[in-house]
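All of the numbers you see were taken from the coordinates with simple rules; none came from a lab. Since the model is a prediction, treat every value here as computed from it, not as a measurement. Neighbour counts are summed over all protein chains in view; Cβ atoms, including those assigned to glycine, are modelled from backbone coordinates with ideal geometry.
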Amino acid sequence: MLSMVSHSNGRIAFALLAGLLIAGCASKKDGLPDSAAGLGLGGAGVGNVTPGSPQDFTVNVGDRIFFDTDSSSINAPSQQTLQRQAQWLNQNRQYAITIEGHADERGTREYNLALGARRAAATRDYLTQLGVPASRMRTISYGKERPVAVCDDISCWSQNRRAVTVLGGPSS
Amino acid sequence: MPTIVMRLCAAVLVLAGAVAAATPAAAVVELDITQGNVQPLPIAIADFQSNDGLGQKISDVVSADLKRSGLFAPIAKAAFIQKGLGPDVSPNFQDWTVINAQALVVGRVSPEADGRLRVEFRLWDTVAGQQMDGQQFYTNPDNWRRVGHIIADAIYERITGEKGYFDSRVVFVAESGDKANRVKRLAIMDQDGANVRYLTDGRDLVLTPRFSPNRQEITYMSFGNGEPRVYLLQLETGQREIVGNFPGMTFSPRFSPDGQKVIMSLQQNGNANIYAMDLRSRATTRLTATTAIDTSPSFSPDGTRIVFESDRGGRQQLYTMNGDGSNQQRISFGDGTYSTPVWSPRGDLIAFTKQTGGQFQIGVMRPDGSGERILTSGFHNEGPTWAPNGRVLMYFSDQKGAGGPQLHSIDLTGYNEQTIPTPGYASDPAWSPLLD
C-alpha cells in the first residue's frame, strides 16, 4: 500500500479581478463629433443650403483634406481646400473649430494616433497662416479608430487619411 | 464591487512504500525546448476522479493547456488500457508505455466539509516507473479552472524545466459594432479565453491596456472626457484616474517592472516624446526630445533599459535607451518599418510588429538588434505581448474587409499558431504575469 503524507502550506491570498463596470462616471456619449456628413471634396456650389451654416461649410467649401501614406504634408489640392476653408471661417467667426486628424488602417495603433495628431497640427498651422486665429481651433487625433470608408483597398485607405475641420458650435 | 478571494493550499504529496523505496531509475521524461522545432511529448491525462464530473472538467483544462502549448500531445482517452486510475495506487506502467504515453497524469477532486474542494494530482514517468510530481490544492469550487491551470503549469515546469504560463490572464479590448464606429471595452479573461469580464461599458473609446506587475491595476488610453489621455484603473475598487497633468494627448502607457512608474508618449503639435511619471511623487521626467514620433516604449525586465519606436530616421524603427533616456541607439535595420516593441520577461528577446511588402508580421530580435526572426506574417498582425515565461506571444490579427480582429498566439518556434476564443472581435491583448 501507498501512504500519502500531506502538509498544507497556506498560499498567498489572491484578489481575483472582479468584473468592474464603472457606472455613472462618464457622461458624454463617446466624445466623437459626427463629422461624416458628406465628403465635401470639391467646392462645387449646391443650392438649398443656408449660407454660413455648417452644411454650407461641408457641402460648398469642403470640410476635409487628404494625405499621402505616412505623410502630414499639405498637398496642392489640400491647399486649395484649406484656402476656401480659411475664407469661409474668417467670414463666419461665430464657430469654434475642432480639427480631427485620422490615419488609415495600414499602420499600428499608437503610431497612427501620433500621425493623426501630426496631420491635425499641420492643418491647424496652415489655417493659422491663412488668418484663422489659433485660439479658435483645437485639435484631436483619432488615429485609425474612426475610418469613414470601410473596405480593403487603396482607394478606401486614401479617404481615411484625412483631417476634418469640424464646426464645434457657436463660440461664445 | 465584490472581491473574490481565493486561497490555494498546495502540498506535495509524498508517496511512501514500494515505489518510492525502489532504487530510483533515471528519469527519462524530459523535453528539451531550447531547440527550434520540438516533437510534442505524448502524455496520458486520465479523467480526475470525482463524483460529479468536475474531475473530468479539470483534467480537460489541464489537457487543453498542455496541448495548446505545442509541447505535449495528449493521448486519446479511448486508447487507455488501465481505466479509472486514481492517485492512490501505483499505475501498471506497461499499460501506459504500450500506448506510447511517456508521462501519465492522474488525479481526484473531493469536497471538503467546509465547502472547499480538494484537488490532488500525480505526474508519473511511465518509462522509469517513477512519480515526478504530486500535489494537492484546496480551493473554492468556483475556481476549478484555475486549479487546472496551476496543475498544467506544474506539469509543464516539471517536464520542460521552465516555468509555465497557464495560470495567467489577458487584458484586451473587446470590440463590437460597425468598423467605422467601433464600440471598444476593456475586458479581462483567462489566458485560454475563459471567464471574460468587462471593465468598461463602451461609452468611451479605450485602447492599449497593460497590467501592472502586481496585476492590481490597468493603465490604458481613453478618449473619456473628449481629451485622449492615459488612465489608471484600480481593478479591485473600479476607481480610475488620469495619469499626470500633461498639456496634450497622452498615449501608449506601460508600467515599469517595479510598478512605480508609468512611461508614455505625450503629443505636442506634430511631435510625440516619451515621458516617465513616478506614481507616488507625481514627478515627470522627459526621456526623449525629438521632433519625431517616439512611442510604444517597453522596459527591459530589470528596468535598466527601454525599447521604443521612433520615426526620427524617416520611418518607424526600433531604438533602445537607458531608463533615464541616455544612450539612445537604433537597433532595427531591416527592410520595412518596425513598431510596438515589447521586451521579453526573460530579457533575451524583443518582439515587434513589422510592415513589409504589404504584410504585417510579428517577429523577434535580440536586444542589440541581431538575430531577427519573423514568426508569422499576414494581412494585418499587430501588437505582440509576451506570455509570462517568454516562450509564447499573443497578438491581434485582422482580415481584409468589414470583419474585425481576433486574438492569436504563436510560440517562438513559429510553428504553433493558435486562435484565442473571444465572445466578439478583440484587439490589444496584454498578458499578465503569472498569478500567485
Among residues other than B:G270 whose Cβ falls under 9 Å from its Cβ, what is the net charge (Lys/Arg +1, Asp/Glu -1)?
+1
In cubic angstrom, how much convex hull volume per residue do the alpha carbon atoms of the stretch B:127-212 span?
152
If the convex hull is drawn through the Cα atoms of the stretch B:41-160, its volume per residue in Å³:
90
Do any GluC sites (Glu not before Pro) in the stretch B:81-173 lie in a DSSP loop with no more than 16 other beta carbon atoms within 10 Å, and if so, which?
B:E112, B:E162
Output the Kirkwood hydrodynamic radius of the stretch B:288-334, Cα pairs only, in Å rounded to one decimal.
10.7
What does the convex hull of the Cα atoms of chain B come to per residue, in Å³, rounded to a whole number?
164
Counting only DSSP loop positions in the stretch B:330-367, the chymotrypsin sites (Phe, Trp or Tyr not before Pro) whose Cβ has at most 15 other Cβ atoms within 10 Å are B:F333
Residue order, fewest to most surrounding Cβ atoms within 10 angstrom, among B:D335, B:D95, B:D348:
B:D335, B:D348, B:D95
Explain nothing, just the number: relative contact order of chain B, from Cα pairs under 8 Å at least 6 residues apart, as a whole percent.
11
Which angle between 0 and 90 degrees, to the nearest 10, do you get for helix B:54-68 versus the longest principal axis of chain B when only C-alpha atoms count?
60
Please give the helix B:144-160 orientation as an angle from the longest Cα principal axis of chain B, in degrees from 0 to 90, rounded to the nearest 10.
80
Phi angles of the stretch B:245-250, converted by Karplus (6.51 cos²θ - 1.76 cosθ + 1.60, θ = phi - 60°) into ³J(HN,Hα) in whole Hz with x for Gly and Pro, give 10, 9, x, x, 4, 10
Rel. contact order, % - alpha carbon contacts under 8 angstrom, at least six apart, the stretch A:40-121:
25
Taking only the alpha carbons of the stretch B:318-436, what extent do you get along each of the three principal axes, in Å, biggest first?
43, 43, 27
